[in-house]
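A.B. asks: Quick one: structure below, then a few questions.
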Amino acid sequence: MKIFKTVVFVALAGVSSLASAKTIEMDVNGLVCAFCAQGISKSMKAFPATDGVFVSLEHRLVAVHLKDGKDIADAALGKAITDAGYTLVAIRRTDAALGDIKARVA
């Protein structure tokens, strides 16, 4: 029983840390035009947990703002990016708002 409690605690701790992130920032290679940005934005908006999307072609950045208490698994994000024909380089989870990210890369 002690092992079960430890596993449940560790699992819940992992879920709460993921759910607390407000935004997922991804470095993506292959973004070169407005059509690319539009396609990636549409792919990210298809996730029910997505509240908003920002794409910077210049910085090869895709940022997805999450709905409160929601998350998107890294594997699902990676699949969406690669299925669209791009290469996912890195994923970061932050508390930054999309407006803050836009200002940072402007």
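The values are calculated or read from the model by the stated rules, or taken from the named source; none is laboratory data. A quick note: this is a predicted structure, and the numbers were derived from the prediction, not measured. Quick reminder, even Gly has a Cβ in these numbers, built from the backbone with ideal geometry, and neighbours come from all protein chains shown. Quick note on the areas: whole protein, heavy atoms, side chains included, nothing else; ligands and nucleic acids left out. Shrake-Rupley method; radii C 1.70, N 1.55, O 1.52, S 1.80 Å.
A.B. asks: Run residue 89 past the list (1) more than 10 Å from the chain's Cα centre (by Cα); (2) assigned to a helix (DSSP H, G or I); (3) at pLDDT 95 or above and report the number of the one that doesn't hold.
C.D. replies: For residue 89, the failing item is (2).
A.B. asks: Given the conditions (1) assigned to a helix (DSSP H, G or I); (2) of a type outside the set (S, T, N, Q); (3) modelled with pLDDT of 95 or more, which single one is not true for residue 65?
C.D. replies: (1)
A.B. asks: Looking at residue 105 and the list (1) over 11 Å from the mean Cα position of the chain (by Cα); (2) modelled with pLDDT of 95 or more; (3) open to solvent by less than 80 Å² (accessible area, probe 1.4 Å), which single condition is not satisfied?
C.D. replies: Residue 105 satisfies all of (1) over 11 Å from the mean Cα position of the chain (by Cα); (2) modelled with pLDDT of 95 or more; (3) open to solvent by less than 80 Å² (accessible area, probe 1.4 Å) except (2).
A.B. asks: Let me ask you something else. Of all residues being open to solvent by 40 Å² or more (accessible area, probe 1.4 Å) and of a type in the set (A, V, I, L, M, F, W, C) in the stretch 77-89, which is farthest from residue 35 (Cα to Cα)? Just the residue, please. Full working, then the answer.
C.D. replies: Narrowing the stretch 77-89 to residues open to solvent by 40 Å² or more (accessible area, probe 1.4 Å): 79, 82-85, 87-89.
So of that shortlist, the ones also of a type in the set (A, V, I, L, M, F, W, C) come out as 84, 88-89.
Values: 84: 12, 88: 18, 89: 20 Å.
Filtering first and then ranking leaves 89.
A.B. asks: Specify the residue that is surrounded by the most Cβ atoms within 10 Å (Cβ to Cβ); the eligible residues are those in the stretch 55-72 that are under 19 Å from residue 95 (Cβ atoms) and free of Cβ contacts under 8 Å to residues at least 40 places away in the same chain.
C.D. replies: Going through the qualifying residues, I end up with 62.
A.B. asks: Here's a follow-up. Of all residues in the stretch 37-54, which are crowded, with 18+ Cβ neighbours inside 10 Å and closer than 18 Å to residue 105 by Cβ?
C.D. replies: If the condition is that a residue be crowded, with 18+ Cβ neighbours inside 10 Å and closer than 18 Å to residue 105 by Cβ, then 40, 44, 53, 54 are the ones that fit.
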